[in-house]
Amino acid sequence: VGTTLAPEHAFSKRASAMSGVPGLRFPEVQMVFWFCDLDILGSRVSLALENREYIAALHDNNVCRVGFVDAARAVRGAELESGARGATPERHPLGDCSLHDLELRPWADTSQAKSRDQARAGVAILVLDAFDLASAGYPLELIKRCTSSMFPGSSVSVVLRFIADTDACWVPDDVLRGVDLIWVPSAHSAATLPVGSVSQVALIPEVCQAPNIDVRFSHDESEDFVLLAVMNDYGLDDCLRPEDPGPQRWNAARKNLAGLLEAFLREFPAGGRPATRLVVKSTRPGLTEDITAFVATFCSGIDTCPVALAGRIAVEDRWFENIGEFLRLGHCLVAPSRGEGWCRPLAEALRAGMPVIGSSFGGQTDYLSDATGYVLRAQLERCPYTLGRNWQGIALWGSICTTDLRQTMRHVVTSYEEALVKAEKGRRLMELRCSPTSVAAAIGDCLIRPLVRCRQKGVTGIA
């Protein structure tokens with residue numbers, strides 16, 4: 001991994017949209033994100049959120065011309081959805097931008113831009129997501145042929161965006177060797193790649209924007225202390241799916257909600273001081289009932305009323321357009337995951353200046369340390385589940401000690417001023433590394449520049 005994060009550039013969104021990132025403008029390059037299922041483009045799944053933010057960051061900062069491909073239509077030889085050949089682009093929700101805003105077109109600064117026809121003869125970079133590709137089952141060679149037909153006369157490079165939650169790389173070797181560059185969000189993901197399977201890795205963090213509302217964190221002893229947790233939509237834990245050996249049980253167990261509930265119930269009994277509550281963000285139907293049942297089972301062996309305990313645990317199932325609206329419901333975000341490729345909730349909380357607790361195993365270690373938050377020491381053990389489709393390998397994930405989690409949550413509650421100091425350091429770090437402008441600069445410097453140089457030399461792959 002021969003890349004580093006690009007430095008922050010002090011540009012407002014409006015200024016950067018006019019001038020671009022200095023020294024990192026590639027008008028001859030058009031970067032196209034491949035969606036195997038275009039319907040998810042406007043959805044709330046991680047792949048869609050991440051790609052929308054990358055597209056917007058590149059567009060707003062004038063790094064290159066950017067768009068996307070509907071894979072199903074591309075395989076049939078259809079035109080680019082983004083209007084690269086004059087098609088009328090459809091409109092999908094892309095944050096503050098529509099597809100019309102993001103069509104493949106020259107710069108607003110026309111004096112610096114090449115014409116559309118000239119740009120077509122430049123470099124086309126196709127970005128594939130590894131999980132999306134595996135889910136759709138499209139052969140890589142077919143994708144390459146389709147892409148080449150879309151950009152006649154252009155040199156086409158293929159980039160695979162890959163993220164690992166465990167210590168294993170689940171992408172087949174032939175796919176790794178068949179692309180020009182691997183794009184990972186963290187050193188954790190990069191470390192899972194087999195030695196010699198790829199020639200170049202670009203380490204580019206995910207975009208993490210500040211909340212659009214003013215969020216300030218403090219705690220008065222007269223008020224409840226509220227811990228926040230963000231869980232996926234696969235349920236409370238793997239025990240709810242005893243017949244499923246695969247990715248649904250893996251994803252349910254990965255977030256470790258059961259471990260968090262047990263630690264919370266043991267450390268903060270009803271009637272304790274300060275009064276402490278837990279708010280779990282998830283849109284999974286029936287999660288409140290599942291948690292109530294879990295609390296009742298937990299209380300069956302102790303002399304405690306389950307109603308009193310369950311009343312201090314709430315499920316928040318609303319979708320917040322602004323992450324700040326959710327974060328200001330609490331005082332600290334807890335993510336005791338067994339495996340994370342990046343951990344978006346932890347990153348967004350830290351970007352807002354909220355104290356955080358997370359694991360020592362996973363992509364979050366790129367920004368989470370003892371200086372920026374509280375780190376739970378994970379013990380590596382074998383993951384008992386299938387991680388995804390068509391992959392039967394063995395992987396390790398990080399087991400979290402319940403006692404360690406209990407003590408760390410208690411420490412944050414009783415030493416909140418110390419936690420706020422750490423969070424401020426984390427906020428500055430995230431602003432430096434993960435703002436849209438910084439990420440756009442990293443893409444230009446660590447991904448586009450080496451691919452352009454490679455193509456200019458007339459060779460395949462990264463030297």
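State the volume of the convex hull built on the alpha-carbon positions of region 126-255, expressed per residue in Å³ and rounded to an integer. Don't skip to the end; give the middle numbers.
Details: hull volume 24.3 nm³, N = 130.
About 187 Å³ per residue, rounded to a whole number.
Using protein chains only and a probe of 1.4 angstrom, how many square angstrom of TYR138 are accessible, to the nearest 10?
So the heavy atoms of TYR138 present about 60 Å² to solvent.
For region 124-233, what is the accessible area per residue in Å², given a 1.4 Å probe and the full set of protein chains?
Values: 4260 Å² over 110 residues.
Value returned for region 124-233: 39 Å² of accessible area per residue.
So how do TYR385, TYR54 rank on accessible area, 1.4 Å probe, biggest first, that is with the largest at the start? Before the final figure, lay out the partial values.
Numbers: TYR385 30, TYR54 0 Å².
Solvent-accessible surface, decreasing: TYR385, TYR54.
At 0.36 nm per residue, and after removing the present C-alpha to C-alpha distance, how many nm does the segment from ASN322 to GLN379 gain when stretched out fully?
Numbers: separation 57, 0.36 × 57 = 20.52 nm, distance 3.46 nm.
So the extension gain works out to 17.1 nm.
In whole Hz and in residue order, list the ³J(HN,Hα) couplings for region 141-157 that follow from phi through the Karplus curve 6.51 cos²θ - 1.76 cosθ + 1.60, θ = phi - 60°; x for Gly and Pro.
These are the phi-based 3J(HN,Hα) values: 5, 5, 4, 4, 5, 4, 5, 4, 6, 6, 10, x, x, 9, 8, 9, 10 Hz.
How much accessible surface area, in Å² rounded to 10, belongs to the heavy atoms of THR437 with a 1.4 Å probe?
10 Å²
Going through region 170-234, which GluC sites (Glu not before Pro) have at most 13 other Cβ atoms within 10 Å and a DSSP loop state?
Numbers: sites: GLU206, GLU221, GLU223; in loops: GLU206, GLU221, GLU223.
Loop-located and lightly packed - GLU221, GLU223.
Can you classify region 153-202 as rounded, prolate or oblate using the Cα gyration tensor, where a ≥ b ≥ c are the square roots of its eigenvalues, rounded means a/c under 1.5, and otherwise it's prolate if a/b beats b/c and oblate if not? All intermediate terms of the calculation are to be shown ahead of the outcome.
Working: a/c = 2.35, a/b = 1.78, b/c = 1.32.
Here region 153-202 falls in the prolate category.
With label points built 7 Å along Cα→Cβ from the Cα atoms of ALA314 and ARG216, find their separation and express it in nm.
2.3 nm
The values are calculated or read from the model by the stated rules, or taken from the named source; none is laboratory data. Note that this is a predicted model, so its numbers are computed, not measured. Please note: Cβ atoms are built from the backbone with ideal geometry, for glycine as well, and neighbour counts cover all protein chains shown. What goes into the accessible areas is simple: the full protein's heavy atoms, side chains included, and nothing from ligands, DNA or RNA. Shrake-Rupley method; radii C 1.70, N 1.55, O 1.52, S 1.80 Å.
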